[in-house]
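Everything below concerns the one structure shown next.
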Amino acid sequence: MFKLTKETKKCLIEIYKNKNISLEGNILKLIDVDGEEDAEFNEYIKNAITLDKDVRRKRLDITKQIQSQNKQLLAAQKENEKLMTELKSALDEAKDAKLEAEKLRDAAVEDLDTLQKRTQFELIGLIVKSALYVIIGVGLITTGLYIFAMTNHYDTKILESSWSNMFGILLTNSFSIIGTIMGVKYATDNSKKTENK
């Protein structure tokens, strides 16, 4: 403990009155006021101790409030990090699902294209077979009639020209059918290539 001089006491009291600044902190515990005859200085020290306690209590309240807010902020930050992780995971899953859907769509389009081509080839094959059967059938019937007329000594002049005309027409029609089928096939192949580009 230490005692202050009268001038120091007077100076401290003046500073308090003029600027509302007093001593604070642990230094107040070291000033000896027991047996002090200066009532004004004793009052100053009591007021300074009371003010110091109030300031310390306010600081402690503010510190507690800041600590509480920091805890809340840390909890909110952890929650935000958790939500961001979940959001990123959900976005990754959505991206994966989209890629899978695109793969499935591409596979379905490819399967449909393959099925259409197979159906077209089967249809073309059926048309060609039918046309060939008709051509061969008409050719065989006409040839049979011509041979029958020749062997039975009928007049074959009219049948001769009909037979040659019939073969010409059948041959022309068979090439026309095959050409049309090949043209349709070529056109559909080119249109699909254009769509893919």
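Assigned by TED's automatic domain parsing to the domain that holds L60, more than 30 Å from L60 (Cα to Cα), surrounded by 10 or more Cβ atoms within 10 Å (Cβ to Cβ) and over 60 Å from the mean Cα position of the chain (by Cα), is that true of K10? Yes: the conditions hold for K10. When the range 102-132 is filtered for residues that are at pLDDT below 85 and among the small types (G, A, S), the ones remaining, listed by number, are G125, S130, A131. Tallying residues that are farther than 14 Å from T180 by Cβ, under 60 Å from the mean Cα position of the chain (by Cα) and surrounded by 15 or more Cβ atoms within 10 Å (Cβ to Cβ) within the range 124-142 yields 0. Pairs meeting the criteria (first residue in the range 154-172 and surrounded by fewer than 11 Cβ atoms within 10 Å (Cβ to Cβ), second residue assigned to a helix (DSSP H, G or I) and modelled with pLDDT of 75 or more, beta carbons under 8 Å, at least 6 apart or on different chains) are D155/A149.
The values are calculated or read from the model by the stated rules, or taken from the named source; none is laboratory data. Everything numeric in this text was worked out from a predicted model, so none of it was measured. When we count neighbours, we look across all protein chains shown, and the Cβ atoms used for this are built from the backbone with ideal geometry, even at glycine.
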